[in-house]
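Any read-out appearing in this document is the output of simple, stated calculations on the displayed coordinates, not a laboratory observation. Every value quoted in this text rests on a predicted model; they were computed, and no experiment measured them. We place every Cβ from the backbone using ideal geometry, glycine too, and count neighbours over all the protein chains shown.
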């Protein structure tokens with residue numbers, strides 16, 4: 001029997017994967033060709049989606065991007081035996097985009113059927129959890145500390161230190177909360193893990209529970225991800241039925257329960273304390289810190305709150321050891337980062353690489369330059385609160401410290417590319433607008449400052465006293481940076497001021513800094 | 001009943017209580033409760049505020065505060081289908097503003113409005129996680145990528161694309 005793969009990932013479905021799968025089933029029946037259709041995860045090569053693969057003795061052979069109308073032609077070309085066709089991309093594993101990655105967190109994504117626990121086990125699944133069950137909580141936390149894993153949500157706080165605090169805090173109940181409120185534009189790695197390899201997140205959360213002594217986990221998922229909601233709930237039900245979750249995790253006698261909760265369209269709930277408020281059923285307004293969530297988190301009890309990617313990376317660290325993971329990367333940025341190439345790029349997708357490669361490699365070698373064919377003008381790295389980078393900065397190494405040194409941030413690893421038609425004054429205005437829209441309202445610099453920011457950018461662009469408005473804008477940014485309670489108000493000045501610094505001509509300003517860039 | 005609410009059941013307290021019953025033992029039940037109410041009635045009817053307050057021992061002000069904090073919870077019935085156009089940066093880089101202008105002109109509504117025939121509610125959304133296939137759109141719970149004006153017409157207006 002021939003096995004054919006068509007992804008079930010929502011991005012693949014968004015460009016016709018379901019229609020392609022139906023056409024393949026229909027055409028195979030018509031031609032009386034017996035075939036087994038697997039809805040796998042997406043490899044994350046989205047310009048090739050829908051990407052159809054067929055298993056051959058030499059390995060899986062890829063065809064893409066396939067439309068339903070291409071399907072009869074594929075059968076005519078005997079694609080089910082790996083036949084030649086204009087859409088044939090060769091062996092999947094040999095496609096340069098994939099071959100040149102270091103996939104640790106995403107090792108199974110694309111390869112397996114996301115909802116098959118057998119497939120998961122057959123590809124190293126549950127080995128980390130098995131190993132964790134033989135270790136003391138202290139040794140578990142130490143392994144995570146030694147791996148050098150830092151929070152992949154964006155703040156890059158050492159995961160081991162967070163876990164240590166929760167472990168050391170005595171309480172009758174502790175919680176593991178997964179932040180799956182992936183709201184940054186240009187990011188989709190959390191979504192892919194949840195849709196394309198959900199068991200790795202479940203396993204990571206169970207390990208976290210064992211490490212700190214928490215028996216209840218929550219995944220706080222944004223409503224904008226209905227496919228992830230469906231997949232996670234199915235995977236959790238399967239995990240309960242197989243004894244991976246519940247009263248006795250893998251027969252150990254140790255309990256871990258897990259539930260998915262749905263958000264309701266508030267970007268601020270990606271901030272950890274807002275998320276906790278929201279989980280408690282309140283308005284998602286941020287809390288003052290301290291107390292830290294690790295000491296007083298969900299329902300006032302010690303809580304590990306980690307991003308999807310951080311938790312989904314825990315199983316591979318346990319399965320292969322802290323050293324194995326730590327040996328990837330550079331400086332204080334250890335391991336790998338799943339980067340997301342988005343916006344105006346010819347080859348958008350998911351690229352997991354060890355820290356240390358250059359941004360330009362992502363943009364041109366992986367990304368293939370702009371989708372429009374026009375020159376790339378800027379890249380926003382790290383979501384809506386990240387800096388806009390100038391071409392002269394494209395050689396920056398992908399590393400937390402290197403980005404911080406140029407006044408930018410890696411954040412959650414999302415990268416949005418713009419061609420030369422972008423108006424940077426408009427993007428700066430949008431940054432304030434977005435902040436105004438999403439501010440939780442708790443602190444004044446963010447709540448009021450964002451609206452004043454929109455107004456002052458408008459005035460700056462209109463004819464008038466530019467010197468005065470520019471001084472006002474910088475003063476406002478200064479207040480927001482230093483006076484806001486959380487990253488939303490505190491970082492909104494980053495896209496604004498980077499746009500102003502590198503692209504002042506879009507604001508109708510002369511800027512001497514401009515000339516030094518082109519040098 | 002207005003055209004817009006014709007697709008959803010009218011408020012019925014007993015049905016609402018049935019929806020809430022399995023949530024009574026949950027810690028922090030208000031968001032799951034609001035999701036359940038909206039999934040059934042299409043929006044959060046005004047009568048629901050008092051019922052939720054009584055059920056979960058909260059003040060009506062607290063419940064109202066939560067409903068109004070979150071964009072997803074509607075206080076008006078939606079159209080037959082909810083079309084969400086992504087307006088975030090990655091989609092902007094691929095022409096989402098032009099697509100939004102096209103959508104508004106074709107439907108004759110602005111964002112946060114419902115067409116006069118009650119068929120479509122148009123909403124902006126800030127990231128659907130489909131940033132490598134921009135511009136992105138979601139119709140109810142179904143995601144669409146690489147949405148051109150012609151594809152919008154075919155999917156939303158059910159008009160044959162050229």
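Averaged over its residues, how many other protein chain Cβ atoms are within 10 Å of peptide B:118-130's Cβ atoms?
Details: counts 0, 0, 0, 0, 0, 1, 1, 3, 10, 16, 10, 23, 12.
That works out to 6 on average.
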* Inter-centroid distance (Cα atoms) of the stretch B:71-138 relative to the stretch A:72-114, Å -> 34
* On a 0 to 90 degree scale, rounded to 10, what angle separates helix B:46-56 from the longest Cα axis of chain B? -> 50
* Could you line up A:202, B:44, A:448 from fewest to most neighbouring Cβ atoms inside 10 Å? => A:448, B:44, A:202
* Mean separation of Cα contacts under 8 Å (6+ apart) over length of chain A, as relative contact order % -> 13
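Show me the ranking of peptides B:97-110, A:278-291, A:33-46 by mean Cβ neighbours inside 10 Å, starting with the highest.
On the way: B:97-110: 16.1, A:278-291: 18.9, A:33-46: 21.6.
Ranking the peptides B:97-110, A:278-291, A:33-46 by packing returns A:33-46, A:278-291, B:97-110.
Rounded, prolate or oblate, given the Cα gyration tensor of chain A, with a/c below 1.5 counting as rounded? Don't skip to the end; give the middle numbers.
Details: a/c = 1.92, a/b = 1.18, b/c = 1.63.
The shape class here is oblate.
State, as an integer percentage, the relative contact order of the stretch A:276-395 based on alpha-carbon contacts under 8 Å between residues 6 or more apart.
On the way: 135 pairs, mean separation 15.1, N = 120.
Reported relative contact order: 13 percent.
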* **Per-residue Cβ neighbour rank within 10 angstrom, fewest leading, A:415, A:357** => A:357, A:415
* Structure fact -> Per-residue average of other protein chain Cβ atoms inside 10 Å, peptide A:7-17 -> 5
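Over the stretch A:1-150, what is the relative contact order in whole percent, taking alpha-carbon pairs under 8 Å and six or more residues apart? Present the calculation step by step, with values, prior to reporting the outcome.
On the way: 198 pairs, mean separation 32.7, N = 150.
Dividing the mean separation by the residue count of the stretch A:1-150 yields 22 percent.
Efficiency by 1/(1 + (r/R0)^6): what FRET value for residue B:116 and residue B:141, r their Cβ-Cβ distance, R0 = 41 Å, to the nearest 0.05?
It comes to 0.95.
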* To do: For the stretch A:229-254 and the stretch A:132-175, write down the distance between their C-alpha centroids in whole Å.
  => 22
* Rounded, prolate or oblate: which fits the stretch A:83-149 when a ≥ b ≥ c are the square roots of the eigenvalues of the alpha-carbon gyration tensor, with rounded for a/c under 1.5 and prolate only if a/b beats b/c? -> oblate
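Sort A:426, A:162 by Cβ crowding within 10 Å, fewest neighbours at the top.
Values: A:426 16, A:162 25.
Fewest-to-most ranking of A:426, A:162: A:426, A:162.
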* Pulled fully out, how much extra length does the chain show between residue A:475 and residue A:323, if you take 0.36 nm times their separation in residues and subtract their Cα-Cα distance? -> 50.1 nm
* How many partner chain Cβ atoms sit within 10 Å of a residue's Cβ in peptide A:42-55, on average, as a whole number? -> 1
* the stretch A:406-427 to the stretch A:334-375: how many Å between their Cα centroids? -> 13
* Of the DSSP beta bridges with both residues in chain A, give the percent that are antiparallel, rounding to the nearest 5. => 55
